[in-house]
Structure formats: C-alpha cells, structure tokens
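*Asks:* The structure that follows is given in the form of structure tokens.
The values are calculated or read from the model by the stated rules, or taken from the named source; none is laboratory data. The structure presented is a predicted model; accordingly, all values stated were derived computationally and were not measured. Backbone-built Cβ (ideal geometry, glycine too); neighbour counts: all protein chains shown.
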Amino acid sequence: ALRCLLLFLFICWSAGNTSPVTNNHVSTWSTEDVAAWVESVGIESAVKETIVSNHVTGNVLFHLDEEILRDEFGITSILDCKMLLDAISKLKSSVSGEPLPRLTFWEYRSANRKQMLRIIPLLA
C-alpha cells in the first residue's frame, strides 16, 4: 500500500515537473545526460547505475521496453520498470516532433547484450 501511495505521489509530482535536460534533442543525449534525466524524474539510484553501466544514450532510451529492462538490465522491480517506462513515455510525448532515431549496431548491442551473446557465436 505504501509503494502504491508513493507511486501515486510521484506521478502527481512529476506531471508538473520538467527535466533540466529536455531542452536538448534527446537523440543527442550522452549516457551522463540520460543519467541526469533519470535522477531528475526521481527514479531510484540503482536504476540510474544500471542505465550508466549499460551505456544507455538518448538514442537508446526510446527503444527500451519492459523486457529489456527486466531481462537485459536485470531490473526486477516491476514498480521501477513501470516508473521508468512511464517517465520515458512522458518524455516521448514532450518531444513528439522529433523522429524516433534508428539504433546503430553498437546501441542495439548495448540494449540487447544477452541476445547478442547468443547470436555472435552463430556467426563464427
């Protein structure tokens, strides 16, 4: 019940809160910019550490989904996943004029490491 209340309060608070890094084009954000944005929207520091350790850039951010967060990044808390995905969704709507960028091979690899570990041996 307390987690639900905290989630509700977070959503109400974040609805009127703007991120300090939303002025730039999201697709040009570095890993540090994404980490600053994650922190600015009130996501747990453990999630921020995961974002940094997986080298998530602004280009990769919009391609994250629950499966990648859970299976690739190891974020097991459903609440953390939902909060991050909700914040990403709000960010997407705030920059709706920007086209969704395509991922480079290296960006795709950073978001899908486990899948790449299964594919690469098949190429050898």
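*Asks:* Is it the case, given these coordinates, that Val38 is at pLDDT 90 or above and either under 19 Å from Arg102 (Cβ atoms) or buried (at least 17 other Cβ atoms within 10 Å of the Cβ) (or both)?
*Replies:* Numbers: at pLDDT 90 or above: yes; either under 19 Å from Arg102 (Cβ atoms) or buried (at least 17 other Cβ atoms within 10 Å of the Cβ) (or both): yes.
Against the criterion (at pLDDT 90 or above and either under 19 Å from Arg102 (Cβ atoms) or buried (at least 17 other Cβ atoms within 10 Å of the Cβ) (or both)), Val38 qualifies.
*Asks:* Output the helices (runs of 4 or more DSSP H) that fall wholly within segment 72-124 and possess 2 or more residues being modelled with pLDDT under 75 and of a type in the set (A, V, I, L, M, F, W, C), or say none.
*Replies:* By residue number, 105-111, 113-123.
*Asks:* Could you count how many residues in segment 52-70 are touching a helix residue (DSSP H, G or I) at 6+ places or on another chain (Cβ under 7 Å) and within 20 Å of Phe105 (Cβ to Cβ)?
*Replies:* Going through segment 52-70, the residues touching a helix residue (DSSP H, G or I) at 6+ places or on another chain (Cβ under 7 Å) turn out to be 52, 54-64, 66, 68-70.
Keeping just the survivors that are within 20 Å of Phe105 (Cβ to Cβ) gives 54-64, 68.
Residues in segment 52-70 being touching a helix residue (DSSP H, G or I) at 6+ places or on another chain (Cβ under 7 Å) and within 20 Å of Phe105 (Cβ to Cβ): 12 in total.
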